[in-house]
Every structure is written in C-alpha cells, then in structure tokens.
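Worksheet: one structure, shown below.
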Amino acid sequence: MTLKAGQIVIIGPKISRDEILQYVLLMQESKDDTDIAGPKTAAEPQTDANKPQTADEAQLVGLINQTRAEKGLPPLTTDPRLTAAARKHTELMMENGALSHQFPGEPDLQQRIDAENIPTDLEEENVGWDVNVAAAHQSLVEDPPHLRNILDPEVNVIGVAVVPSGDHVYVTEDFAHLTTDK
C-alpha cells in the first residue's frame, strides 16, 4: 500500500475509533514502503509557530471560507493560537515524513489546543500532503469526512498551517468552537 499526494486524514467527533485505527495501520504500512517527502533536511525551511500568517495559509483559509459561503455558512475567523497549534503539529509531520494526527509522545488535538490557552468546546482536524495548497484543499473537499469538518456549522474559528517540503506541502487545518469561558 502506498500513500500518494492528496491522500489525507481527518479526526473529529464524527470519525470512529475503528477508522482511526485503520489509518494508523495504513500509515505504518505506508511509512515502510513510501518516501512521502522524507524527513526534514537542514536545507528545508523552518517555521516559527508565532509568525504572521503566510500567503499559503491565507490562501487556504480563503478557500475554506469560499467553500463554506457556497453552502450558506459564515466564514471562520482565524485564531493565531489555533494557527500556532496547527504549525507545531505540521512541523512534526514534516520532521517525521508522515501524516498523523498524533505522533508518539505528542499530546492529542484537544491537549494541543488547550496548551495554547484557547477556550473551546469542540475541536476537529484535517491533515494532508499534496503538491500545493489548492490541490490539498480540493482533495479535502472531495472526501466527505473532511468536508464535514470544513462545513461544520458548530465551528467558528480556524488555524491552518502550510509547510513546504520538497515539491509538496504538508497541511493542517484545526477547527474549533471558541467559547467565552473554559
């Protein structure tokens, strides 16, 4: 089994544990026989979790909000803390040369968001690897579970990360419902 550009994974309240376990097995098999983009090398760019949104990240948020608008949903507001959480996770994907929602020793999505002091009561995540931002977005919207996260009417904030690696990009989309207290 080979992982190809455009194959993406999702985690959120609508995904069963069995689906997550199937993905974990796929990733292990894929890691054994596929050089997805390889581990990060010294020549590849480092990202800073606290830097302003990049042009690629702004493009991705724009595409997500355009998809939501087409369905009559309000746009999501970018939260810099959620963006920081997404960037940290995307850097780990690049370093490991693999897609995952949680690497060994890494906190789960809710803990990563809590660590950024974001008061939320719902968290969802899409991750992907593709040739560019537009292709990654298209792959996500063509897959019903990923599209459900993008179009979830309960989420109101987003943080995305786009990290180039060779001739591809790693993408993380973290969605949440921001609350006023936690």
Here are some conditions: (1) in a helix (DSSP H, G or I); (2) charged (D, E, K, R); (3) under 19 Å from A176 (Cβ atoms); (4) without any contact (Cβ under 8 Å) to a residue 60 or more places away in the chain. E154 meets all but one. Which one does it not meet?
(1)
Would you pick out the residues in the range 149-177 that are modelled with pLDDT of 95 or more and out of contact with any strand residue (DSSP E or B) (no Cβ under 8 Å at 6 or more places or on another chain)?
L151, P153
Give the residues of the range 55-90 that are over 19 Å from L178 (Cβ atoms) and at pLDDT below 90, sorted by residue number.
T90
Select from the range 102-141 the residues that are in a loop (DSSP other than H, G, I, E, B), open to solvent by 20 Å² or more (accessible area, probe 1.4 Å) and in contact with a strand residue (DSSP E or B) (Cβ under 8 Å, 6 or more places away or on another chain) and list them in ascending order.
P119, V131, N132
With respect to L92, determine if the residue is in a loop (DSSP other than H, G, I, E, B) and of a type in the set (A, V, I, L, M, F, W, C).
no
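The values are calculated or read from the model by the stated rules, or taken from the named source; none is laboratory data. These numbers come from a predicted model, not from an experiment. Using ideal geometry, Cβ is built from the backbone for each residue, glycine included, and neighbour counts are taken over all protein chains shown. Each accessible area value is taken on the protein alone, full model and side chains, heavy atoms only, with ligands, DNA and RNA left out. Shrake-Rupley method; radii C 1.70, N 1.55, O 1.52, S 1.80 Å.
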